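The values are calculated or read from the model by the stated rules, or taken from the named source; none is laboratory data. Values in this document were obtained by computation on a predicted structure and should not be read as measured data. Methodologically, a virtual Cβ is constructed for each residue, glycine included, from the backbone with ideal geometry; neighbour enumeration extends over all protein chains shown.
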Amino acid sequence: MIENDCPPEETSELQAGKGLTYAPPRRMVGQEDETERLRRERNLYRRLLDLGDQEELEPFLREALSLIVEAVDVQHGYLALYDDGGGAGWWIAHGLSAEQVDGVRHVISRGIIAQAVATGQTIVTPSAQSDPRFNRLDSVKLRGIEAVLCTPIGTAPPRGVLYLQGQRRPDFFGDEDRGIAETFARHLAPLADLVVSRQRIRTSDDPTRAVRKKLRLEGVIGRSAALAAVLEQVSFLAALDVSVLLTGDSGTGKSQLARVIHENGPRASHPFVALNCATLPETLIESELFGALPGAHSTASRKIEGKVAGADRGTLFLDEVGELSAPAQAKLLQLLHSKEYYPLGGTKPVRADIRLIAATNLDLERAVAEHKFREDLYYRLHVLPVRLPSLAERREDIALLATHFSADASRRHGLPQCPLSPNAIKALELADWPGNARQLAHVVEAALIRATGERAAQIETAHLFPNGKPTATPGGADGETLQEATRRFQAEHLRKALEANGWNVIETARRLDLARSQVYKLIHAYGLERGKK
């Protein structure tokens with residue numbers, strides 16, 4: 001029964017409106033205990049997640065063991081992770097001498113821990129010396145082992161084991177201690193896998209290691225040979241003050257690479273100005289690029305300084321350059337040839353000292369043949385072309401990219417970090433990514449939000465692909481291939497974006513960070529029609 005804090009006479013005064021302060025009903029003792037238990041479990045989880053940022057396994061395990069020793073208030077602790085062969089590849093001890101550790105490891109092979117691992121169940125005993133399951137063990141008799149709590153880490157088969165011994169309190173391990181230890185072990189397994197993966201990747205052969213010593217590459221994620229080849233090209237051309245053309249599929253990171261070239265070139269101390277040519281109507285692209293004088297067009301009520309002027313002495317990056325209108329192409333060619341241009345409505349040329357980096361996911365050579373792009377401008381841009389590899393060509397980078405995108409999304413949304421499970425990473429590596437790294441980032445961000453909403457300990461495959469679980473081989477349990485599930489997801493996502501923007505392709509392209517031409521291609525490819533689902 002819940003009691004009211006106000007005595008009967010005060011309750012009547014409240015009802016009469018006499019302005020007494022209302023005290024909310026007290027929680028029952030059981031409710032308070034449950035609230036406190038949930039608070040401790042949440043704090044333990046958060047502190048453990050913070051440890052997941054570690055790059056090395058030894059400090060991760062040491063701090064994790066200290067955390068659980070403090071939470072359960074024990075004297076001795078032992079934590080082991082198994083290697084691929086099932087042996088204790090990594091282990092750490094707390095409050096145990098070398099001799100005591102030997103005794104614990106003896107128990108591992110023959111007793112308490114062996115039983116916990118074999119059954120996958122937590123073992124709790126108030127006194128190992130009195131417990132008929134363990135009192136015959138020499139290590140138990142010689143060392144007088146009393147209260148023990150042992151729980152496996154991970155499941156099917158266990159990833160490791162947690163062994164706690166000798167509580168400081170007079171009573172032995174209770175249900176609350178068991179719950180804390182099991183929660184800790186459940187959350188520890190995916191985080192440990194993540195740290196192990198980071199450590200192995202860092203200590204393995206890294207084709208990008210040499211070039212990373214030569215360039216500033218903050219935020220460039222990956223260690224694949226395909227990425228290393230691109231960065232080697234960049235290390236050569238960045239120092240040359242010439243135009244560069246970046247090609248490759250949408251979402252491969254052309255904008256990021258343009259910044260890398262600028263930041264490692266002779267103009268690094270001057271402005272880097274970017275313009276996506278696909279996000280502006282043809283009527284405004286010239287004004288945005290070259291500026292306009294008052295009265296040059298209906299919206300030019302004052303002088304407009306274009307991107308070219310803003311990039312003077314620095315770098316101008318034109319993304320989706322293939323979307324430029326014919327007049328804008330002519331003006332850009334003039335700028336590259338004479339370093340001069342005319343603002344809209346202007347009669348006097350303006351000088352501009354810029355380095356141009358252009359990017360496109362279109363086949364410009366084909367566009368030239370179809371008279372959609374100027375041939376002379378194409379050859380001006382095609383001096384030093386760099387092709388960025390698709391994600392399919394650098395699948396070994398997917399795990400690193402996904403981990404980075406998850407951490408970035410958690411920071412932006414103020415959410416706790418949530419690691420990707422090994423199965424989730426495998427699913428990502430098997431999936432097709434026609435939208436490349438940009439698509440991967442969106443999928444991981446959505447998965448993080450779903451996992452957080454479910455209070456999941458880690459991001460699972462179902463969070464990544466809620467509309468269809470990918471499989472390693474064609475044909476899932478429901479008969480749908482991974483490619484089919486991916487296409488269905490993309491089509492649905494694009495349809496919702498178009499409907500949200502009233503089927504305004506320009507605005508939809510801007511919201512999805514795609515080229516206008518790419519949106520049209522996807523509409524045609526998926527057979528999307530307004531008003532039809």
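Observations on the structure shown:
- Identity of the residue in the stretch 334-371, free of Cβ contacts under 8 Å to residues at least 24 places away in the same chain and basic (Lys, Arg), that ends up nearest to ARG302 (Cα to Cα): LYS348
- Scanning the stretch 398-439 for residues that are out of contact with any Pro (no Cβ under 8 Å at 6 or more places or on another chain) and among the small types (Gly, Ala, Ser) turns up ALA399, ALA402, ALA407, ALA409, GLY414, ALA424, GLY435, ALA437.
- Within the stretch 409-438, residues that are within 24 Å of LEU512 (Cα to Cα) sit with their Cβ atoms under 7 Å from residues that are in a helix (DSSP H, G or I) and acidic (Asp, Glu), at 6+ positions apart or across chains, in these pairs: ALA409/GLU445.
- Candidate set from the stretch 395-435 (those that are assigned to a loop (DSSP other than H, G, I, E, B) and under 14 Å from the mean Cα position of the chain (by Cα)); member that is surrounded by the fewest Cβ atoms within 10 Å (Cβ to Cβ): GLY414
- Hey, THR283 surrounded by fewer than 23 Cβ atoms within 10 Å (Cβ to Cβ), of a type in the set (S, T, N, Q) and without any contact (Cβ under 8 Å) to a residue 24 or more places away in the chain or not: yes
- Condition met for GLY86 (modelled with pLDDT under 85 and over 34 Å from the mean Cα position of the chain (by Cα)): no
- Restricting attention to the stretch 370-394, the residues that are in a loop (DSSP other than H, G, I, E, B) and not small (Gly, Ala, Ser) add up to 11.
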